[in-house]
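Below: one structure, written as structure tokens.
The values are calculated or read from the model by the stated rules, or taken from the named source; none is laboratory data. All values reported here derive from a predicted model rather than from experimental measurement. All Cβ positions, even for glycine, are placed from backbone atoms using ideal geometry, and neighbour counts span all protein chains on display. Heads up: the accessible areas ignore ligands, DNA and RNA and are worked out on the full protein's heavy atoms, side chains in. Shrake-Rupley method; radii C 1.70, N 1.55, O 1.52, S 1.80 Å.
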Amino acid sequence: MKFILALLAFAVPAIAQTVGPEIPLPRVVFGVDKAQSVEDISVTLEIVALLTILSLAPSIVIMMTSFTRIAIVLNFVKQALGTQNAPPNQMVMGLSLFLTFFVMAPTFNRVNEEALQPYLAHEIDYQAGMDRAIKPIREFMLRQTSEHDLALFIRASRLPNPEKIEDLGMWTIIPAFIISELKTAFIIGFLIYIPFLVIDMAVASILMSMGMMMLPPMMVSMPFKLILFVMVDGWSLIVQQLLLSFH
């Protein structure tokens, strides 16, 4: 360890002499200065808001997009097949993320065209940009949310019933959207489980009738489930139905 530190102590001055004064080394400086105008304060607040949004980006992707439904359904498929590590969890999450980007592409394009680009072109201010950015995401969530779940959170908030859908706040839409996505994902998962459950029951009955009660039915049924899944092109079929399930 001392030998390595000694080498570093001699290497740093040698590198500085080799570089010479004609090639200046970069120096990074961080600091806080006094605001000179109101615009400086607004820029600072915008940076703070942007950092806040970036820190909440994972929660936004999970809770305000199609990611929840897709990830739960793909995990149901994996459990129904009975495979523990195939496909790996990282691959399932990666596929869920890319399918989420595919489903949300029209919404994200609207956010870019109606909010981000006008804001970057200084055509609208920060507040107008945020209002325009939230509108397409809000419309997407409302299309997937059931009226029953919306009514639940409206009653729970103890606020007067809104006269129109535009009067609903995001604090009401977001939890209702999450509950609706969970319910829809579990319904799809139940439908996926049915054919694999039939195979498990048939194999268990055959093994019991043959007196092979010590042999785990899962070991015998898994190959048949895999063959069935491959023959019907299961991944394409499930992804197709998932994409069609979004309004």
For segment 116-129, Karplus couplings with θ = phi - 60° (6.51, -1.76, 1.60), whole Hz, Gly/Pro x: 5, 5, x, 5, 5, 7, 6, 8, 9, 8, 5, 5, 5, x
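Please report the net charge: other residues with Cβ closer than 14 Å to the Cβ of E139, K and R +1, D and E -1. List each step's numbers first, then the result.
On the way: positive: R110, R132, K135, R138, R143, K164; negative: E114, D131, E166.
Net charge around E139: +3.
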Heavy-atom accessible area order for F224, F177, largest first, 1.4 Å probe: F224, F177
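With a probe of 1.4 Å, find how much accessible area segment 158-206 has per residue, and write the answer as a whole number in Å².
Using a 1.4 Å probe on heavy atoms only, each residue of segment 158-206 averages 65 Å².
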Solvent accessible area, Å² - F246, 1.4 Å probe, full protein context: 30
Solvent-accessible area, 1.4 Å probe, carbon plus sulfur percent, for segment 91-247: 71
Kirkwood Rh and Cα Rg combined as Rg over Rh, evaluated for segment 166-222: 1.42
